[in-house]
Amino acid sequence: MKTTLKELHQAAQYLSAAGISYVNHQEDDSHTNLGWDSEKKKLLTHTFGTKKHQLAISVELGQLEWLQNGSLKSSVSLVESTHLEILDWINNHALKQGLPEYLYEFHYELPYPPIKNDHKYTFDSAEMNELTSKWDIGLNAFQQFLGELKWTSPIRVWSHHFDLGFYVQIDRAGTLFMGGGLAVPDTLVDDLYFYVSGWKNGQAVETKSFGVLDIGEWRSDWKGATLAATNMNENLVNLFLKLTKDVLQNNN
């Protein structure tokens, strides 16, 4: 994984910890997930507290932000400040707002060594632009796909795996669901990649016998389809989603 992607994934945990500390907990863990604002290039928590606070990362500015009713109240540099200084900054703001103590504690583990108190983040602007442009393509393609079918689903970044995704019912009976998203490089694809998987009666749909797709591929090593994000655009991603959706519906 590229350095900037790893660093941003780690920095996003400040936001997830705010979700764990202050947002009403949900069974599906959605209180920890994040929104992506493609216009402002920001990752954002759900709102919390009576004043609709949010913790955000401005990717372009490389800073952590405290928002209230959508307006910037304060910020701290992710590049110039240490991990411990950032934790103190967040907790001080929380206590000033009458919120409980901010706890940087998680029920999951990241695939990196624990972050040290003196850690300072480093971001490469070219790598950052590559990542955010893919998120923009993904967000727009997912919105287009869902909108054309008049389906509704949140499109969120899940901080554990750092994928931008959605999950939606695709049959009338309420037994067949489709998950789609944009994932970071892993053992399946050595690139940012789009994916689709199906769920029937709570079980993952076996897809290795589904045959050839015009774009992307059904995997034999995973229950789903993948499409490398390099050189993709919104229309191609939307086509990938439509093709895989049709196959899932026709085989279930």
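The values are calculated or read from the model by the stated rules, or taken from the named source; none is laboratory data. Predicted model only: the values in this text are computed from it and were never measured. In this analysis, Cβ positions are derived from the backbone assuming ideal geometry, glycine residues included, and neighbour counts consider all displayed protein chains.
Taking residues in region 161-188 that are outside the structural domain of residue 206 (by TED's automatic domain parsing) and within 19 Å of residue 30 (Cα to Cα), and partners anywhere that are of a type in the set (Ser, Thr, Tyr) and part of a strand (DSSP E or B), not one pair has Cβ atoms closer than 9 Å while being at least 6 places apart or on different chains. Quick check on residue 44: is it out of contact with any strand residue (DSSP E or B) (no Cβ under 9 Å at 6 or more places or on another chain), modelled with pLDDT of 95 or more, assigned by TED's automatic domain parsing to the domain that holds residue 104 and closer than 20 Å to residue 9 by Cβ? No; evaluated as a whole, the condition is false for this residue. Out of 125, 133, 153, 77, one residue alone is modelled with pLDDT of 95 or more, more than 30 Å from residue 244 (Cα to Cα) and hydroxyl-bearing (Ser, Thr, Tyr). It is 77. For region 59-79, the condition holds for at least one residue, the condition being that it is β-branched (Val, Ile, Thr), farther than 15 Å from residue 155 by Cα and touching a Lys or Arg at 6+ places or on another chain (Cβ under 8 Å).
All conditions in (1) of a type outside the set (Phe, Trp, Tyr); (2) assigned to a strand (DSSP E or B); (3) within 21 Å of the chain's Cα centre (by Cα) hold for residue 72, with the sole exception of (3).
Residue check: is residue 135 of a type in the set (A, V, I, L, M, F, W, C), in the same structural domain as residue 166 (by TED's automatic domain parsing), assigned to a helix (DSSP H, G or I) and touching a strand residue (DSSP E or B) at 6+ places or on another chain (Cβ under 7 Å)?
When the stated conditions are applied, residue 135 passes them.
If a residue must be assigned to a loop (DSSP other than H, G, I, E, B) and of a type in the set (A, V, I, L, M), how many such residues does region 146-160 contain? Residues in region 146-160 being assigned to a loop (DSSP other than H, G, I, E, B) and of a type in the set (A, V, I, L, M): 2 in total. Here the condition is being surrounded by 13 or more Cβ atoms within 10 Å (Cβ to Cβ) and not small (Gly, Ala, Ser); of 244, 152, 230, 187, it holds for 244 alone.
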